[in-house]
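Below is one structure; the comments refer to it alone.
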Amino acid sequence: MEKQTVRDFDPQGKRVLVRVDFNVPIEDGKVKDDSRIRAALPTIKYLLENGASVVLMSHLGRPKGKVVESARLRPVAQRLSTLLRMPVPITGDPLGIGTRDAVARLKPGQVLMLENLRFHAAEENNDDEYAKTLASYGQVYVNDAFGTAHRAHASTVGVTKYLPAYAGLLMEREIQALSSLLDDVKHPFATVIGGAKVSGKLAVLKNLMQKVDSILIGGGMANTFLVAQGRTVGKSLLERELVDDARQILEDGEKSGVQILLPTDVVVAKEVTRGAEHKVVPVHKIPNSWSTVDIGPQTTEAFTQALEDAQTIFWNGPLGVFEVPTFGDGTRAMGRYLAARAEAGATVIVGGGDSIAALEELGLTDKMSHISTGGGASLEFLEGRELPGIAVLMDRETAAVA
Ligand code: ADP
Ligand code: MG
(Lines give C-alpha, C1' and ligand atoms only; values in the text may rest on other atoms or scores of the structure.)
(Ligands and ions follow the chains in the order given, each with its own letter.)
Protein backbone atom coordinates (compact mmCIF):
# COMPACT_ATOMS: atom_id res chain seq x y z
CA MET A 1 0.00 0.00 0.00
CA GLU A 2 1.20 3.51 -0.74
CA LYS A 3 2.36 5.57 2.17
CA GLN A 4 1.77 9.26 2.74
CA THR A 5 4.91 11.29 2.41
CA VAL A 6 6.28 14.67 3.45
CA ARG A 7 4.51 16.09 0.42
CA ASP A 8 1.14 15.19 1.95
CA PHE A 9 1.15 17.83 4.70
CA ASP A 10 1.94 21.51 4.87
CA PRO A 11 5.24 21.90 6.74
CA GLN A 12 4.80 25.67 7.17
CA GLY A 13 5.37 26.62 10.79
CA LYS A 14 5.42 23.01 11.97
CA ARG A 15 8.04 21.39 14.13
CA VAL A 16 8.83 18.13 12.39
CA LEU A 17 10.50 15.20 14.15
CA VAL A 18 12.52 13.31 11.56
CA ARG A 19 14.04 9.85 12.11
CA VAL A 20 17.10 9.54 9.90
CA ASP A 21 19.62 6.75 9.56
CA PHE A 22 22.91 8.48 10.28
CA ASN A 23 24.56 5.26 11.38
CA VAL A 24 27.71 6.02 9.40
CA PRO A 25 31.30 4.82 9.80
CA ILE A 26 33.36 7.18 11.99
CA GLU A 27 37.16 7.14 12.01
CA ASP A 28 39.35 9.40 14.13
CA GLY A 29 36.35 11.52 15.02
CA LYS A 30 35.42 12.09 11.38
CA VAL A 31 32.70 10.70 9.15
CA LYS A 32 34.37 8.26 6.78
CA ASP A 33 31.46 7.77 4.39
CA ASP A 34 28.67 10.34 4.36
CA SER A 35 26.41 8.70 1.76
CA ARG A 36 23.65 8.02 4.29
CA ILE A 37 23.75 11.65 5.39
CA ARG A 38 23.58 12.89 1.82
CA ALA A 39 20.72 10.49 1.10
CA ALA A 40 18.59 12.24 3.75
CA LEU A 41 19.29 15.77 2.47
CA PRO A 42 16.30 15.98 0.10
CA THR A 43 13.83 15.44 2.96
CA ILE A 44 15.61 17.80 5.34
CA LYS A 45 15.95 20.54 2.71
CA TYR A 46 12.36 20.13 1.56
CA LEU A 47 11.08 20.62 5.11
CA LEU A 48 13.33 23.60 5.83
CA GLU A 49 12.58 25.31 2.54
CA ASN A 50 8.88 24.92 3.20
CA GLY A 51 8.97 26.64 6.55
CA ALA A 52 9.32 23.79 9.02
CA SER A 53 11.76 23.49 11.88
CA VAL A 54 13.42 20.10 11.97
CA VAL A 55 14.36 17.92 14.92
CA LEU A 56 16.58 15.09 13.69
CA MET A 57 17.11 11.83 15.54
CA SER A 58 19.29 8.82 14.76
CA HIS A 59 21.23 6.04 16.33
CA LEU A 60 24.93 5.40 15.78
CA GLY A 61 26.66 2.08 16.40
CA ARG A 62 25.71 -0.22 19.26
CA PRO A 63 26.20 1.66 22.54
CA LYS A 64 23.68 -0.71 24.17
CA GLY A 65 21.93 1.78 26.43
CA LYS A 66 25.06 3.54 27.75
CA VAL A 67 26.81 6.76 26.82
CA VAL A 68 29.78 5.72 24.69
CA GLU A 69 32.05 8.59 23.69
CA SER A 70 32.98 7.11 20.31
CA ALA A 71 29.29 6.80 19.44
CA ARG A 72 28.48 10.47 19.89
CA LEU A 73 26.79 12.06 16.91
CA ARG A 74 28.91 15.22 16.91
CA PRO A 75 30.96 14.32 13.81
CA VAL A 76 27.70 13.59 12.00
CA ALA A 77 26.21 16.94 12.99
CA GLN A 78 29.39 18.65 11.79
CA ARG A 79 29.22 16.94 8.41
CA LEU A 80 25.53 17.72 8.05
CA SER A 81 26.24 21.32 8.95
CA THR A 82 28.79 21.51 6.13
CA LEU A 83 26.37 19.93 3.67
CA LEU A 84 23.44 22.18 4.65
CA ARG A 85 25.61 25.27 5.15
CA MET A 86 23.93 26.06 8.44
CA PRO A 87 24.55 25.31 12.08
CA VAL A 88 23.36 21.91 13.31
CA PRO A 89 23.47 22.04 17.10
CA ILE A 90 23.31 18.76 18.97
CA THR A 91 21.65 18.19 22.31
CA GLY A 92 23.40 16.49 25.21
CA ASP A 93 20.82 13.82 25.94
CA PRO A 94 17.60 12.91 24.15
CA LEU A 95 15.81 13.02 27.52
CA GLY A 96 17.52 16.08 29.03
CA ILE A 97 15.81 19.30 30.09
CA GLY A 98 18.25 21.08 27.77
CA THR A 99 16.79 19.20 24.83
CA ARG A 100 13.29 20.31 25.72
CA ASP A 101 14.40 23.94 25.89
CA ALA A 102 16.40 23.77 22.68
CA VAL A 103 13.41 22.29 20.87
CA ALA A 104 11.13 25.02 22.23
CA ARG A 105 13.53 27.73 20.97
CA LEU A 106 13.78 26.25 17.48
CA LYS A 107 12.54 28.57 14.71
CA PRO A 108 11.23 27.76 11.22
CA GLY A 109 14.14 26.99 8.92
CA GLN A 110 16.33 25.75 11.78
CA VAL A 111 17.64 22.25 12.54
CA LEU A 112 18.47 20.52 15.79
CA MET A 113 19.87 17.03 16.26
CA LEU A 114 19.26 14.79 19.26
CA GLU A 115 22.20 12.85 20.68
CA ASN A 116 22.44 9.12 19.86
CA LEU A 117 19.06 7.56 20.60
CA ARG A 118 20.65 4.28 21.68
CA PHE A 119 22.40 5.89 24.65
CA HIS A 120 19.14 4.80 26.30
CA ALA A 121 18.16 1.12 26.23
CA ALA A 122 14.59 2.43 25.97
CA GLU A 123 15.13 3.07 22.26
CA GLU A 124 15.68 -0.54 21.26
CA ASN A 125 13.12 -1.74 23.81
CA ASN A 126 10.51 0.42 22.08
CA ASP A 127 9.73 1.88 25.49
CA ASP A 128 6.48 3.80 25.49
CA GLU A 129 7.59 6.60 27.83
CA TYR A 130 10.70 7.19 25.71
CA ALA A 131 8.62 7.25 22.55
CA LYS A 132 6.24 9.71 24.15
CA THR A 133 9.08 12.05 25.13
CA LEU A 134 10.57 11.90 21.64
CA ALA A 135 7.14 12.57 20.16
CA SER A 136 6.79 15.67 22.34
CA TYR A 137 9.62 17.27 20.32
CA GLY A 138 7.51 17.49 17.17
CA GLN A 139 4.01 18.04 15.86
CA VAL A 140 4.50 15.74 12.91
CA TYR A 141 6.73 12.68 12.51
CA VAL A 142 8.64 11.76 9.39
CA ASN A 143 10.58 8.53 8.98
CA ASP A 144 13.40 8.72 6.45
CA ALA A 145 15.47 5.94 8.05
CA PHE A 146 14.88 3.07 5.68
CA GLY A 147 17.99 1.30 6.98
CA THR A 148 16.34 0.98 10.42
CA ALA A 149 12.80 0.27 9.23
CA HIS A 150 13.11 -3.44 9.97
CA ARG A 151 13.46 -2.67 13.68
CA ALA A 152 10.50 -1.87 15.93
CA HIS A 153 12.14 0.73 18.14
CA ALA A 154 10.84 3.77 20.03
CA SER A 155 11.93 6.17 17.28
CA THR A 156 10.66 4.05 14.38
CA VAL A 157 7.44 2.56 15.76
CA GLY A 158 6.69 3.84 19.29
CA VAL A 159 6.49 7.54 18.33
CA THR A 160 3.80 6.90 15.74
CA LYS A 161 1.31 6.27 18.52
CA TYR A 162 1.55 9.98 19.35
CA LEU A 163 2.15 11.78 16.05
CA PRO A 164 0.85 11.60 12.48
CA ALA A 165 3.52 9.60 10.66
CA TYR A 166 4.77 10.20 7.13
CA ALA A 167 7.45 8.70 4.93
CA GLY A 168 10.44 10.86 4.02
CA LEU A 169 11.59 11.16 0.42
CA LEU A 170 14.38 8.61 0.83
CA MET A 171 12.00 6.18 2.47
CA GLU A 172 9.59 6.73 -0.42
CA ARG A 173 12.32 6.10 -2.98
CA GLU A 174 13.47 2.92 -1.26
CA ILE A 175 9.93 1.54 -1.02
CA GLN A 176 9.27 2.34 -4.67
CA ALA A 177 12.51 0.86 -5.97
CA LEU A 178 12.31 -2.34 -3.92
CA SER A 179 8.57 -2.83 -4.45
CA SER A 180 9.18 -2.63 -8.16
CA LEU A 181 11.20 -5.85 -7.81
CA LEU A 182 8.35 -7.62 -6.04
CA ASP A 183 5.38 -6.32 -8.00
CA ASP A 184 5.41 -5.45 -11.67
CA VAL A 185 8.99 -6.22 -12.47
CA LYS A 186 10.27 -6.19 -16.05
CA HIS A 187 11.49 -9.59 -17.21
CA PRO A 188 13.95 -11.14 -17.65
CA PHE A 189 14.70 -10.49 -14.00
CA ALA A 190 18.03 -11.76 -12.68
CA THR A 191 19.56 -11.63 -9.26
CA VAL A 192 23.23 -11.81 -8.41
CA ILE A 193 23.85 -12.99 -4.87
CA GLY A 194 27.19 -13.19 -3.13
CA GLY A 195 28.73 -12.36 0.20
CA ALA A 196 29.99 -14.51 2.98
CA LYS A 197 27.06 -16.59 4.09
CA VAL A 198 23.93 -18.31 2.88
CA SER A 199 22.34 -18.06 6.33
CA GLY A 200 21.58 -14.34 6.20
CA LYS A 201 20.18 -14.60 2.71
CA LEU A 202 18.30 -17.87 2.63
CA ALA A 203 14.88 -16.28 3.12
CA VAL A 204 15.42 -13.68 0.43
CA LEU A 205 16.71 -16.33 -1.95
CA LYS A 206 13.57 -18.38 -1.40
CA ASN A 207 11.27 -15.43 -1.99
CA LEU A 208 13.15 -14.13 -5.03
CA MET A 209 13.06 -17.65 -6.44
CA GLN A 210 9.38 -17.11 -7.16
CA LYS A 211 10.00 -13.86 -9.01
CA VAL A 212 13.25 -14.19 -10.92
CA ASP A 213 14.24 -15.87 -14.14
CA SER A 214 17.80 -16.51 -13.07
CA ILE A 215 19.97 -16.52 -9.97
CA LEU A 216 23.74 -16.14 -10.12
CA ILE A 217 25.51 -17.24 -6.98
CA GLY A 218 29.07 -16.24 -6.12
CA GLY A 219 31.11 -15.30 -3.06
CA GLY A 220 31.56 -17.47 -0.01
CA MET A 221 27.95 -18.63 -0.11
CA ALA A 222 28.56 -20.39 -3.41
CA ASN A 223 30.67 -22.95 -1.51
CA THR A 224 27.62 -24.34 0.28
CA PHE A 225 25.90 -24.78 -3.09
CA LEU A 226 28.96 -26.42 -4.61
CA VAL A 227 29.00 -28.94 -1.77
CA ALA A 228 25.27 -29.54 -2.36
CA GLN A 229 26.32 -30.50 -5.89
CA GLY A 230 28.82 -33.00 -4.52
CA ARG A 231 31.99 -30.93 -4.81
CA THR A 232 34.58 -30.47 -2.09
CA VAL A 233 35.68 -26.97 -1.21
CA GLY A 234 38.85 -27.46 0.84
CA LYS A 235 39.23 -25.00 3.69
CA SER A 236 36.71 -22.59 2.21
CA LEU A 237 34.02 -20.91 4.25
CA LEU A 238 31.17 -23.42 4.36
CA GLU A 239 27.87 -23.73 6.18
CA ARG A 240 27.51 -27.46 6.35
CA GLU A 241 24.14 -27.29 8.13
CA LEU A 242 22.72 -25.41 5.14
CA VAL A 243 23.82 -27.83 2.44
CA ASP A 244 20.35 -29.42 2.42
CA ASP A 245 18.69 -26.03 2.01
CA ALA A 246 21.05 -25.22 -0.82
CA ARG A 247 20.22 -28.53 -2.50
CA GLN A 248 16.52 -27.77 -2.10
CA ILE A 249 16.97 -24.40 -3.78
CA LEU A 250 18.81 -26.02 -6.68
CA GLU A 251 16.00 -28.59 -7.03
CA ASP A 252 13.30 -25.93 -6.83
CA GLY A 253 15.08 -23.98 -9.52
CA GLU A 254 15.11 -27.02 -11.71
CA LYS A 255 11.39 -27.62 -11.17
CA SER A 256 10.25 -24.05 -11.69
CA GLY A 257 12.54 -23.27 -14.60
CA VAL A 258 14.64 -20.72 -12.74
CA GLN A 259 18.16 -20.82 -14.08
CA ILE A 260 20.67 -21.07 -11.23
CA LEU A 261 24.30 -20.41 -12.09
CA LEU A 262 27.16 -21.41 -9.83
CA PRO A 263 30.85 -20.76 -10.36
CA THR A 264 32.60 -23.15 -12.72
CA ASP A 265 36.03 -21.85 -11.80
CA VAL A 266 37.27 -20.05 -8.72
CA VAL A 267 40.30 -18.25 -7.39
CA VAL A 268 41.68 -20.21 -4.46
CA ALA A 269 44.27 -18.99 -1.96
CA LYS A 270 46.39 -20.70 0.68
CA GLU A 271 45.28 -18.08 3.19
CA VAL A 272 42.50 -15.53 2.96
CA THR A 273 44.97 -12.70 3.42
CA ARG A 274 46.74 -10.08 1.36
CA GLY A 275 49.78 -11.44 -0.47
CA ALA A 276 48.80 -15.11 -0.03
CA GLU A 277 49.63 -17.59 -2.78
CA HIS A 278 46.64 -17.98 -5.10
CA LYS A 279 45.56 -19.51 -8.40
CA VAL A 280 42.56 -20.18 -10.61
CA VAL A 281 41.14 -23.71 -10.60
CA PRO A 282 37.99 -25.38 -11.94
CA VAL A 283 35.47 -26.08 -9.16
CA HIS A 284 36.09 -29.82 -9.26
CA LYS A 285 39.74 -29.21 -8.42
CA ILE A 286 39.66 -27.06 -5.30
CA PRO A 287 42.73 -28.21 -3.33
CA ASN A 288 42.15 -29.63 0.16
CA SER A 289 43.94 -27.00 2.16
CA TRP A 290 43.03 -23.93 0.08
CA SER A 291 40.08 -21.51 0.27
CA THR A 292 37.97 -19.96 -2.46
CA VAL A 293 38.39 -16.18 -2.50
CA ASP A 294 36.83 -15.08 -5.78
CA ILE A 295 35.00 -16.35 -8.84
CA GLY A 296 37.27 -17.23 -11.75
CA PRO A 297 37.48 -15.53 -15.17
CA GLN A 298 35.39 -18.21 -16.90
CA THR A 299 32.63 -17.74 -14.32
CA THR A 300 32.78 -13.96 -14.67
CA GLU A 301 32.35 -14.40 -18.40
CA ALA A 302 29.43 -16.82 -17.98
CA PHE A 303 27.76 -14.58 -15.39
CA THR A 304 27.90 -11.46 -17.52
CA GLN A 305 26.68 -13.41 -20.53
CA ALA A 306 23.74 -14.72 -18.52
CA LEU A 307 22.82 -11.13 -17.69
CA GLU A 308 22.93 -9.85 -21.24
CA ASP A 309 19.17 -9.89 -21.81
CA ALA A 310 18.09 -9.06 -18.27
CA GLN A 311 15.84 -6.00 -17.99
CA THR A 312 15.99 -5.99 -14.21
CA ILE A 313 18.97 -6.98 -12.07
CA PHE A 314 19.24 -7.06 -8.30
CA TRP A 315 22.71 -7.44 -6.82
CA ASN A 316 23.52 -8.21 -3.21
CA GLY A 317 26.86 -9.40 -1.89
CA PRO A 318 30.39 -9.26 -3.30
CA LEU A 319 31.52 -12.22 -5.41
CA GLY A 320 34.83 -12.55 -3.62
CA VAL A 321 36.93 -11.27 -0.74
CA PHE A 322 37.13 -7.89 -2.48
CA GLU A 323 38.67 -6.20 0.58
CA VAL A 324 41.90 -7.82 -0.62
CA PRO A 325 42.36 -6.15 -4.01
CA THR A 326 43.85 -9.30 -5.61
CA PHE A 327 40.65 -11.17 -4.76
CA GLY A 328 38.33 -8.45 -6.04
CA ASP A 329 38.43 -9.07 -9.80
CA GLY A 330 35.06 -10.82 -9.99
CA THR A 331 33.32 -8.21 -7.85
CA ARG A 332 34.85 -5.33 -9.78
CA ALA A 333 34.01 -6.89 -13.14
CA MET A 334 30.39 -7.36 -12.01
CA GLY A 335 30.23 -3.77 -10.76
CA ARG A 336 31.50 -2.39 -14.06
CA TYR A 337 29.25 -4.64 -16.10
CA LEU A 338 26.12 -3.71 -14.13
CA ALA A 339 26.95 -0.01 -14.38
CA ALA A 340 27.12 -0.39 -18.14
CA ARG A 341 23.81 -2.28 -18.18
CA ALA A 342 22.15 0.43 -16.08
CA GLU A 343 23.45 3.06 -18.48
CA ALA A 344 22.02 1.04 -21.34
CA GLY A 345 18.57 1.19 -19.76
CA ALA A 346 18.27 -1.90 -17.58
CA THR A 347 17.01 -1.41 -14.03
CA VAL A 348 19.88 -2.25 -11.71
CA ILE A 349 19.29 -2.21 -7.97
CA VAL A 350 22.09 -2.85 -5.51
CA GLY A 351 21.75 -3.51 -1.78
CA GLY A 352 24.16 -4.52 0.97
CA GLY A 353 26.84 -2.52 2.72
CA ASP A 354 29.83 -4.40 1.32
CA SER A 355 28.55 -4.53 -2.25
CA ILE A 356 28.01 -0.79 -2.12
CA ALA A 357 31.45 -0.22 -0.61
CA ALA A 358 32.89 -2.15 -3.56
CA LEU A 359 30.98 0.05 -6.01
CA GLU A 360 32.10 3.16 -4.21
CA GLU A 361 35.74 2.16 -4.64
CA LEU A 362 35.01 1.97 -8.36
CA GLY A 363 33.15 5.29 -8.32
CA LEU A 364 30.13 3.59 -9.86
CA THR A 365 27.33 4.12 -7.32
CA ASP A 366 25.82 6.99 -9.32
CA LYS A 367 25.46 4.83 -12.42
CA MET A 368 23.03 2.37 -10.85
CA SER A 369 19.25 2.79 -10.97
CA HIS A 370 19.00 2.52 -7.23
CA ILE A 371 21.40 1.92 -4.37
CA SER A 372 19.61 0.84 -1.24
CA THR A 373 20.78 2.53 1.97
CA GLY A 374 19.47 -0.42 3.95
CA GLY A 375 21.37 -3.71 4.15
CA GLY A 376 19.26 -5.86 6.46
CA ALA A 377 16.18 -3.75 5.77
CA SER A 378 16.35 -4.20 2.01
CA LEU A 379 16.78 -7.96 2.36
CA GLU A 380 13.85 -8.26 4.75
CA PHE A 381 11.78 -6.15 2.39
CA LEU A 382 12.64 -8.47 -0.49
CA GLU A 383 11.76 -11.47 1.66
CA GLY A 384 8.25 -10.12 1.25
CA ARG A 385 7.90 -9.10 4.88
CA GLU A 386 6.24 -5.90 5.92
CA LEU A 387 8.81 -3.86 7.81
CA PRO A 388 7.51 -2.57 11.17
CA GLY A 389 8.78 0.96 10.59
CA ILE A 390 6.94 1.15 7.28
CA ALA A 391 3.75 -0.56 8.46
CA VAL A 392 3.09 2.23 10.98
CA LEU A 393 3.32 5.08 8.45
CA MET A 394 -0.04 6.43 7.30
CA ASP A 395 -1.49 4.84 4.20
CA ARG A 396 -2.49 7.06 1.36
CA GLU A 397 -6.13 5.90 1.32
CA THR A 398 -6.85 6.39 4.99
CA ALA A 399 -5.42 9.88 4.96
CA ALA A 400 -5.74 11.74 8.22
CA VAL A 401 -4.99 15.44 8.06
CA ALA A 402 -2.16 16.69 10.24
P1 ADP B 1 26.71 -7.23 1.74
O2 ADP B 1 27.18 -6.36 2.88
O3 ADP B 1 26.92 -6.59 0.42
O4 ADP B 1 25.33 -7.74 1.97
P5 ADP B 1 27.86 -9.58 2.93
O6 ADP B 1 28.01 -8.84 4.20
O7 ADP B 1 26.84 -10.64 2.85
O8 ADP B 1 27.64 -8.54 1.74
O9 ADP B 1 29.23 -10.28 2.54
C10 ADP B 1 30.39 -9.54 2.37
C11 ADP B 1 31.60 -10.35 2.76
O12 ADP B 1 31.65 -11.57 2.07
C13 ADP B 1 32.86 -9.61 2.45
O14 ADP B 1 33.50 -9.28 3.64
C15 ADP B 1 33.67 -10.62 1.63
O16 ADP B 1 35.03 -10.65 2.00
C17 ADP B 1 33.00 -11.92 1.97
N18 ADP B 1 33.26 -12.95 0.95
C19 ADP B 1 33.00 -12.90 -0.36
N20 ADP B 1 33.44 -14.01 -0.98
C21 ADP B 1 33.99 -14.80 -0.03
C22 ADP B 1 34.63 -16.08 -0.03
N23 ADP B 1 34.78 -16.78 -1.16
N24 ADP B 1 35.08 -16.56 1.14
C25 ADP B 1 34.95 -15.85 2.27
N26 ADP B 1 34.33 -14.66 2.35
C27 ADP B 1 33.87 -14.12 1.21
MG1 MG C 1 27.90 -6.86 4.86
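Each residue in the range 22-39 was checked for being among the β-branched types (Val, Ile, Thr) and over 14 Å from the mean Cα position of the chain (by Cα), and 2 pass. The single condition among (1) in a loop (DSSP other than H, G, I, E, B); (2) more than 16 Å from ligand 2 (Cβ to nearest atom); (3) of a type outside the set (Phe, Trp, Tyr); (4) under 19 Å from Ala357 (Cβ atoms) that Val293 does not meet is (1).
For first residues located in the range 199-226 and near ligand 1 (Cβ under 10 Å from one of its atoms), partners that are open to solvent by 10 Å² or more (accessible area, probe 1.4 Å) and among the basic types (Lys, Arg) and lie 6+ apart or on another chain with Cβ distances below 8 Å form the pairs Gly220/Lys197; Met221/Lys197; Met221/Lys201. You will find that of Lys201, Lys206, Lys211, the residue that is part of a loop (DSSP other than H, G, I, E, B), modelled with pLDDT under 95 and not aromatic (Phe, Trp, Tyr) is Lys211 and no other. The single condition from (1) crowded, with 18+ Cβ neighbours inside 10 Å; (2) within 16 Å of ligand 1 (Cβ to nearest atom) that Ser155 fails is (2).
Listed conditions (1) open to solvent by 30 Å² or more (accessible area, probe 1.4 Å); (2) within 16 Å of ligand 1 (Cβ to nearest atom); (3) not basic (Lys, Arg) are all met by Gln248, apart from (2). Of the helices (runs of 4 or more DSSP H) lying entirely inside the range 323-392, those containing at least 1 residues that are hydroxyl-bearing (Ser, Thr, Tyr) and within 14 Å of the chain's Cα centre (by Cα) are 353-362, 376-382.
Criterion applied to Pro318, Pro388, Pro325 was being free of Cβ contacts under 8 Å to residues at least 60 places away in the same chain and either open to solvent by less than 50 Å² (accessible area, probe 1.4 Å) or at negative phi (or both), and the one residue passing it is Pro325. For the range 72-102, the candidate set comprises residues that are among the hydrophobic types (A, V, I, L, M, F, W, C) and touching a residue at least 40 places away in the same chain (Cβ under 8 Å); within that set, the residue that is surrounded by the most Cβ atoms within 10 Å (Cβ to Cβ) is Leu73. Ala190: more than 16 Å from ligand 1 (Cβ to nearest atom) and open to solvent by less than 60 Å² (accessible area, probe 1.4 Å), yes or no? Yes. Residues that are of a type in the set (Asp, Glu) and within 16 Å of ligand 2 (Cβ to nearest atom) were ranked within the range 330-385; the one that is least open to solvent (accessible area, probe 1.4 Å) is Glu380.
The values are calculated or read from the model by the stated rules, or taken from the named source; none is laboratory data. Everything quoted here is computed from the prediction, not taken from an experiment. When we count neighbours, we look across all protein chains shown, and the Cβ atoms used for this are built from the backbone with ideal geometry, even at glycine. Protein only, heavy atoms only, side chains kept; ligands, DNA and RNA dropped before computing areas. Shrake-Rupley method; radii C 1.70, N 1.55, O 1.52, S 1.80 Å.
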